[in-house]
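One structure is given here, and the rest of the page talks about it.
The values are calculated or read from the model by the stated rules, or taken from the named source; none is laboratory data. Because the structure is a prediction, the values reported are computed rather than measured. Cβ: placed from backbone, ideal geometry, glycine included. Neighbour counts: every protein chain shown. The protein model used for the area step is the full one, side chains on, heavy atoms only, and it has no ligands, DNA or RNA in it. Shrake-Rupley method; radii C 1.70, N 1.55, O 1.52, S 1.80 Å.
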Amino acid sequence: MFAGDCDLKKFLVKLWNNAVDLKIKAVARFWIIYDFFYRRIHKPPIIASVDETIDELINTQKSMARFGDGEIKLVCGKDIYFQKATPFASNKLKEVLSSNDDSIMIGIADAFGDRSRYTDEANKYWKNHLCRYRKVWYKYLIKNKKYYNASVTRQYISLNDHSQGLPIYNKMKKIWENKDIVIIEGEKSRLGVGNDLFDGAKSIKRILAPSKQAFDKYDEIFKEACKFDKNILFLIALGPAATCLAYDLSKAGYRAIDIGHIDVEYEWLLMGAEKKVALSNKMVFEAVNSNGVEECTDQKYISEIIAKIT
């Protein structure tokens with residue numbers, strides 16, 4: 001290949017890359033402008049505060065399913081890191097988000113209005129997300145329905161004010177205080193291991209499920225959960241599958257709460273982390289992680305595992 005051919009190839013590659021960059025910027029600008037007008041026509045959803053949400057969980061027997069950015073992407077048929085967007089997952093999430101059952105609290109991201117409490121990074125993320133997906137959210141939300149705060153389990157790393165984190169998590173512990181709980185979690189999530197998050201529970205049992213593609217085993221997880229008596233409390237941390245399991249278990253007569261990343265956020269709070277960091281003994285998808293999570297030899301944790309679905 002002659003020198004002139006190399007120069008031409010480099011030029012064409014650079015031209016192509018510039019064209020791609022311009023397209024990305026143009027698309028982003030389009031969605032920003034579109035959302036600017038869209039949010040002035042459509043009112044934001046009604047969302048309870050964090051305290052109101054916790055009070056409802058403490059003082060009632062309601063279940064809770066939570067929606068964030070990942071769930072909405074799956075609704076749109078877009079894969080996320082640890083879950084492919086299957087038709088079953090998408091349709092089930094649509095069903096839950098558009099439900100109007102008073103016994104099931106639907107939590108949604110508290111990011112549609114004022115986001116000054118969030119860090120600059122989190123604020124920017126939600127701004128970009130809503131530019132693309134606000135219309136999807138509003139399509140399935142019921143007008144004038146009161147929603148609950150999905151951020152109730154995320155009260156540390158993305159907030160400017162960290163002073164309320166510990167009081168909030170201490171208050172949340174009252175939800176499962178003196179109760180028999182069953183934790184449904186991803187393998188290596190290990191909720192409460194190494195901290196006191198669930199020390200107040202009367203008893204703990206665990207169902208371990210796949211950390212990735214949990215919807216592939218959805219029916220098996222649900223059937224395993226239904227072997228328990230109705231007087232137990234399910235706490236579920238299994239990505240978008242937890243949203244749907246909390247809903248379906250509630251429909252089946254159980255109380256189930258999707259608690260998401262509560263344990264990871266609590267760990268970050270206790271260690272005073274300033275950014276999302278990996279934990280040596282727990283899977284953390286949001287950190288530059290953690291394929292090398294250590295094996296757990298905690299005998300109490302091991303004794304709590306009553307089923308493992310792979």
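To keep it simple, each residue is scored yes or no on (1) part of a loop (DSSP other than H, G, I, E, B); (2) open to solvent by less than 10 Å² (accessible area, probe 1.4 Å).
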{"site": "181", "(1), (2)": "no, yes"}
{"site": "188", "(1), (2)": "yes, no"}
{"site": "219", "(1), (2)": "no, no"}
{"site": "269", "(1), (2)": "no, no"}
{"site": "285", "(1), (2)": "yes, no"}
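Looking at the range 78-98, which of its residues are in contact with a Ser or Thr (Cβ under 7 Å, 6 or more places away or on another chain) and either among the charged types (D, E, K, R) or modelled with pLDDT of 95 or more (or both)? Within the range 78-98, 93, 96 meet the criteria. Checking the range 274-288 against the condition returns a match, with at least one residue being among the small types (Gly, Ala, Ser) and under 22 Å from residue 198 (Cα atoms). Among the residues making up the range 248-276, a single one is without any contact (Cβ under 8 Å) to a residue 24 or more places away in the chain and within 19 Å of the chain's Cα centre (by Cα): 264. Of all residues in the range 287-310, those that are assigned to a strand (DSSP E or B), among the aliphatic types (A, V, I, L, M) and open to solvent by 90 Å² or more (accessible area, probe 1.4 Å) total 0. A Cβ distance below 6 Å, combined with a sequence gap of six or more or placement on separate chains, defines the contacts here; from the range 53-77, residues that are part of a helix (DSSP H, G or I) reach residues that are among the charged types (D, E, K, R) in the pairs 54/171; 58/174; 75/94. Quickly run through the range 196-211 and pick out the residues that are part of a loop (DSSP other than H, G, I, E, B) and surrounded by fewer than 16 Cβ atoms within 10 Å (Cβ to Cβ). Within the range 196-211, 196, 199, 200, 202 qualify. Residue 63 meets the stated requirement of being within 21 Å of residue 153 (Cα to Cα), open to solvent by less than 50 Å² (accessible area, probe 1.4 Å) and either at pLDDT 75 or above or in contact with a Gly (Cβ under 8 Å, 6 or more places away or on another chain) (or both).
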